[in-house]
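Notes follow the structure.
The values are calculated or read from the model by the stated rules, or taken from the named source; none is laboratory data. Keep in mind that this is a model prediction, so the values were computed, not measured. Neighbour counts run over all protein chains shown; Cβ positions are idealised from the backbone, glycine included. To get the accessible areas, we keep the full protein, side chains included, count just its heavy atoms, and leave off ligands, DNA and RNA. Shrake-Rupley method; radii C 1.70, N 1.55, O 1.52, S 1.80 Å.
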Amino acid sequence: MQLPVLNDAPTSKSGCEASSCGTTENQMDSLPDSIREKVQNHPCYSEDAHHYFARMHVAVAPACNIQCHYCNRKYDCSNESRPGVVSEVLTPDQAVKKTMAVATNIPQMTVLGIAGPGDPLANPERTFETFRRLSLEAPDIKLCVSTNGLALPDAVEELSKHNIDHVTITINCVDPEIGAKIYPWIFWNNKRIKGVKGAKILIEQQQKGLEMLIAKGILVKVNSVMIPGVNDQHLAEVSKVVKAKGAFLHNVMPLISEPEHGTFYGVMGQRGPTPDELQDLQDSCSGDMNMMRHCRQCRADAVGMLGEDRGDEFSLDKIADMDIDYPAAMEKRKVIHQAIQEEMDSKRLEKSTKAAQLKAAAKLTTRPVLMAVATSGQGVINVHFGHAKEFLIYEASPDGVRFISHRKADQYCGGDTSCGDGESVLQVTVRALAGCEAVLCSKVGYEPWEMLENAGIMPNGEHAMEFIEEAVMAVYKEMAAAGKLDDKQKAVRASA
Amino acid sequence: MAVKIIESCVNCFACEPVCPSKAIYEAKPHFLVDPKKCTECEGDFPVFQCASICPIEGAILDSLGMEINPPGSLTGIPPEKMAEAMRELQSH
Ligand code: SF4
Ligand code: SF4
């Protein structure tokens, strides 16, 4: 019997040629060793590293030089946690202090990013002052920066002087006509330029900046926001262009759009993609490259492991009282980083041995299954269903277990029990898990248990504190043994 | 003659560095223009620099007290649509 072979499916899709869609291995292999090393242990890129290492962002860059239809510049809403949203803008001095305070207290924190809340390169003095000081005073922290690209060509020279690990450019299109539907205006050469003309300049600057960074040997990642009906069909083309120019990763994120955000898309009723639509596009743009599937679209002042935010512990008045001896902290950090590295290496070895064993063992012929997992890190199932703010989605198949994406539990509810349209948080969560056939967590309450079952998602609390991949495989085998996977019904989704 | 920043300013800092006359300063609860320093960009640029980068409609007024960027001019959201969305939200 012929099985749907997962890794082949994406390359056969239209609009995405095999040459632009490498697998994780291929993408990583083509990088120089020094760069691959960086990426492998980077919490934002490496799927296993993000269980161990943490990143933080400091909000030193409030000004922006363009307008995007998915952004609104009123960024003091504490209920929101999406990119561009922060509550406290820091001076470079405060940012340096905060970074060192976090690095001392959370030794797993290895990456400092400047991502906003505006455009970091539209605030060159504040951004570069922060980078300059951190390179000097905390050399064990990697630095990264995100930009819309408009001011990028002018910043490349300065960026190359600091210890910049990588640059992220948000590129939503390479066609000015499409750009005009995403960017209403840019501020350029002392004028506000609207429409297609503005979008054209922005696109040219983005592409020029990308080329200049690659020429300097700086690692470039490209982010795109998927906007159904606007650029969803176009992003395969974007993917091809940026990869041909040398971006090592293209990360497609969903549009986040609600009327209460007050954005153009929110107010005009532009919807974001469904989890299925997003996954289809991610598959067609990135093939099996799953390094970025766990991107949480953190807030510009997020602190902590991906998906968690401990920013409150490091507010300005709290860090003012902290006494920080960074050289001493750096010694401690080094020891901890080594221990983490060893643990990660042994896990990686174990994983590849297991995969080899699985290959050697008699192969199942069952269809693939998506499962949701509640975890707070360390690679184990350790969160109660009701406490999970997000779920990691894994796919189990006879070929093994692969990470697919993460999904937010109750995206933007501020914690009250119901959303605007009367749907309970629980209902929203269950809906977010659509397409999954099991959910693995440390415990599940009675009410959600019933709702999950009714939705065709099997709750499972039997693998608490076990390693995710092993538990997912165990559940998959149970399902296979129980004859639940013989139907071809859901296989369509999983291989699409 | 001078422009004025009013309370709808969200303190985004964008206008401060682009002012050729160093007339804009950070203040509480929002940024302000020093009317003695503001030249309305005359002699430097044909358009008000602050109002050309400010993302917030209505946040900067000209010397006659008129909004330089009226509702809908920057976001592209028709004012009636915005009002409708706001009503919708408040009814919840
Ligand atoms: S109008 Fe020109 S001079 Fe006056 S505050 Fe604005 S930028 Fe400065
Ligand atoms: S650009 Fe507009 S919103 Fe931003 S600080 Fe200046 S006046 Fe306020």
| note | Mean Cβ-within-10 Å packing, highest first, puts peptides A:474-480, A:461-467, B:52-58, B:26-32 in the order B:52-58, A:474-480, A:461-467, B:26-32
| field | Whether chain B is rounded, prolate or oblate, judged on the alpha carbon gyration tensor where a/c under 1.5 counts as rounded | value | prolate
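Rank these by accessible area, largest first, 1.4 Å probe: A:HIS384, A:HIS166.
Result of the area sort, largest leading: A:HIS384, A:HIS166.
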| query | Which links in A:LYS194/B:LYS4; A:LYS351/A:LYS477; A:LYS142/A:LYS318; A:LYS221/A:LYS443; A:LYS221/A:LYS354 stretch past 28 Å when you go from one Cα to the other? | reply | A:LYS221/A:LYS443; A:LYS221/A:LYS354
| task | Quick one: compute the contact order of the stretch A:363-481, relative version, from alpha carbon pairs under 8 angstrom and 6+ residues apart, as a percent. | result | 30
| request: At 1.4 Å probe size, with no ligands or nucleic acids counted, give the accessible surface of A:TYR183 in Å², nearest ten. | output: 10
| note | In this structure, among A:LYS191/B:LYS37; A:LYS98/A:LYS334; A:LYS332/A:LYS408, pairs with alpha-carbon gaps over 26 Å are A:LYS332/A:LYS408
| note | Heavy-atom accessible area of A:GLU277, protein chains in place, probe 1.4 angstrom, given in Å² to nearest 10, is 60
| said: Let me cross-check A:ARG431: its accessible surface, 1.4 Å probe, with only protein heavy atoms counted, in Å² to the nearest 10? | reply: 140
| Going 7 Å from the Cα of A:ALA215 toward and past its Cβ, which residues in the stretch A:244-266 have a backbone nitrogen under 15 Å from where you end up? | A:245-246
| request: Show A:LYS389, B:LYS4 ordered by accessible area, largest first, where the area counts protein heavy atoms only and the probe is 1.4 Å. | output: A:LYS389, B:LYS4
| Peptide-level mean, for B:49-56, of C-beta atoms on other protein chains within 10 Å | 5
| Relative contact order for chain B: what is it in percent, counting Cα pairs under 8 Å that are at least 6 residues apart? | 28
| query | Hey, rough spin-label estimate for A:MET465 and A:GLU177, points 7 angstrom out along Cα→Cβ, what's it come to in nanometres? | reply | 6.1
| Ordering A:ASP119, B:ASP44, A:ASP280, A:ASP154 from largest to smallest accessible area (1.4 angstrom probe), what's the sequence? | A:ASP154, B:ASP44, A:ASP280, A:ASP119
